[in-house]
1. In terms of Cα to Cα distance under 27 Å, which lysines are near enough to LYS239, apart from those fewer than 8 places away along the same chain?
2. What does the net charge come to around THR357 if you take all other residues with beta carbon closer than 14 Å to its beta carbon, with K and R at +1 and D and E at -1?
3. Can you give the Rg to Rh ratio of the stretch 345-471, both from alpha-carbon atoms, with Rh computed by the Kirkwood formula?
4. Using the scaling law 2.2 N^0.38 Å as the reference, what is the normalised Cα Rg of the stretch 394-466?
5. What trypsin sites (Lys or Arg not before Pro) in the stretch 96-199 are in a loop by DSSP, with at most 12 other Cβ atoms within 10 Å of the Cβ?
6. ³J(HN,Hα) across the stretch 228-240 via Karplus (A = 6.51, B = -1.76, C = 1.60, θ = phi - 60°), whole Hz, x for Gly/Pro?
7. In Å and whole numbers, how far do the C-alpha atoms of the stretch 231-370 stretch along each principal axis, longest first?
8. Can you tell me which aspartates and glutamates have their Cα less than 19 Å from the Cα of LYS350? Leave out same-chain residues fewer than eight positions away.
Amino acid sequence: MTTKLGTRKLIVRHDVHISDSFHFFISFEKAYLISFLVHINGGFLNLLISPNQLATNGDSKHITILVLIFLVVIFSETAHSDGYHGFLRCLTLHSQNYSAISDVVYTPDNSSYLSTLQFSIRNLRFTSSTTPRPLVIITPVLESQVQAVVLCAKENGMQIRTRSGGHDYEGLSYTSQVPFVVIDLMNLRACPTVGVGGHFSGGGYGSLLRKYGLAADNIIDARLIDVNGRVLDRKSMGKELFWAIRGGGGASFGVITAWKLNLVFVPETVTVFSVDRILEQNAIELIYRWQYVAPSLPTDLLIGISINKVNSSKTGEKTISASFSSLFLGRVDRLLELLKQSFPELGVEKEDCTEVTWIESAILTGGYPTGVSPEVLASRTPLTNIYFKAKSDYVREPIPKIGFQKLLKLFYGKEVDMVQMNFIPYGGRMKEIPESAIQFPHRAENLYKIHYIVYWNEPQKDASNINWIRRLYSYMTPYVSKFPRAAYINYIDLDLGMNNEGSTSYAKASIGD
């Protein structure tokens, strides 16, 4: 763009249009180079004015300043008119390296905005055009950039959503009913699609929970950026905050940029198995018996259950399958001895078991086939993206057989195609850790946790599937924890309650059944 100023020319170099939000600075060097930085939609623009492009008389600097003031007058009124533009302008002020911050800022006018937004969305329910979208997405590579976002959002009255791996069940890490920005931590990572930021801060359970407890039980330090932009570690944040972020949801208190963990021992060789039993193979009896066995097994052994609606291999009709899957921290012969003593009804044979390394067991647990390279665990590409709705429960007393019989009849509902219930046993180390040790109270009184989930492929099936899982959840009321009915925070479920237009008092929110 070339602007004529009488007989002088102002040369402006740019590759995109100028927006109405900007910040400028003037630097007079020996060559009288005048530089001015304009914030544009989706990036930043440098305007360079050299003395060769201006008259050489003594008033050249004054003319240039007048030009800058003229531009400020044109754009400043709109630039200050809303928090969005103020937020972008604020980022430039708080960023030491302008080009670095521009590389990680995405606005709706940026060609990469939508792909960046959708990259980490794991529930397709929140990919429609009607889903509220952030005004800005920031994908920081530096801790200082997170600080700038926190300070600027506060200054301009905008909420922050922090997204780690994108597995938020209700999309709260990237949606809101009020103006908001997203801090997407995709660049601060070295893990698969489930980001440790959300996993750890909500508790974080895995196949070692009966041996070593939760991931959060093994956190020994953290770095958190609070609402004032301060970087805090365990010592500076204090005991109460450090307690709260381990199980209470880290994003409730700040943006966590790093965790320090206590490493635990696993043997060089572990053993895994997965055996399926359908209704015709006494599945209900085995599920019922599992409740008494799984929480009492040695801590080196975990056996979970996944219940699914499947096609019968014999008739092709729908039936119910219970998959019993296990990780044993030891060799196959010792595992078979333990199963013979504690759970002979399951009928596990040596050919059902596989000895693998720990990392290979993690690959299998993640749903990948045998033989896949460990590098797959560093991939952020999910195996599937699908529409789903999920809920959770804790069970404190064994469910009677009649309860399972009526429950599994619900699985035959024609309105759902893909439905699953996962049973995760507690006991062991989970029973030993006091419920007040960290912000995760689900300990000794629980036999196991239930994870309910229903999947579908087309958005028009949202209502029927969501209504179905609500009926299933209602049916389970007599058999699960009460006063209050408990749930796992990382399986967030907005049916249990939500803020009223972005603001709900603690007193009101604390009222439970």
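The values are calculated or read from the model by the stated rules, or taken from the named source; none is laboratory data. Just so you know, these numbers come straight off a predicted model, no measurement behind them. Every residue, glycine as well, gets a Cβ built from its backbone with ideal geometry; the counts of neighbours run over all protein chains shown. Heads up: the accessible areas ignore ligands, DNA and RNA and are worked out on the full protein's heavy atoms, side chains in. Shrake-Rupley method; radii C 1.70, N 1.55, O 1.52, S 1.80 Å.
1. LYS154, LYS211, LYS260, LYS431, LYS508
2. Details: positive: ARG331; negative: GLU268, GLU355, GLU360.
For residues surrounding THR357, the net value is -2.
3. On the way: Rg = 18.4 Å, Rh = 18.2 Å.
Radius of gyration relative to Kirkwood radius: 1.01.
4. Details: Rg = 16.4 Å, N = 73, 2.2 N^0.38 = 11.2 Å.
So the stretch 394-466 has a normalised radius of gyration of 1.46.
5. Working: sites: ARG122, ARG125, LYS154, ARG161, ARG163, ARG189; in loops: ARG122, ARG189.
Filter output for the stretch 96-199: empty list.
6. 9, x, 7, 8, 10, 10, 4, 5, 6, 7, x, 5, 5
7. Taking the Cα atoms of the stretch 231-370, the three principal extents are 61, 35, 31 Å.
8. Reachable aspartates and glutamates: ASP276, ASP300, ASP333, GLU337, GLU360.
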